[in-house]
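Laboratory data are not the source of any read-out in this text; all were calculated from the coordinates shown. As the structure is a prediction and not an experimental result, all values here were calculated from the model. Cβ placement follows ideal geometry from the backbone for every residue including glycine, while neighbour counts extend to all protein chains displayed.
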Amino acid sequence: MTVTGVQLQEYLAGLDYPVSREDLVRWGQENGVGTELLQALRALPAEEFDSPAELGAALNPLA
């Protein structure tokens, strides 16, 4: 899966950073993100992300 910057902004609009993997998964479940993105969020390392760019860099290698 490759998440583009535009898709990431669309999916994760409104998040407050820094954000943890657990927060991302919970947010995704509450906001109905697609199964593919939810799986990618669950596969992230258990760390905090300080910005959308940092999160995007962590998501793209999971493709």
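Starting at 0 and stepping by 10 Å, how many percent of the alpha carbon pairs of the stretch 5-62 end up in each bin?
Distribution as computed: 24, 68, 8 percent.
What number comes out for the charge environment of GLN29, summing +1 per Lys or Arg and -1 per Asp or Glu over other residues with Cβ under 12 Å away? Walk me through the numbers before you get to the answer.
Values: positive: ARG26, ARG42; negative: GLU22, ASP23, GLU30.
Around GLN29, the charge tally is -1.
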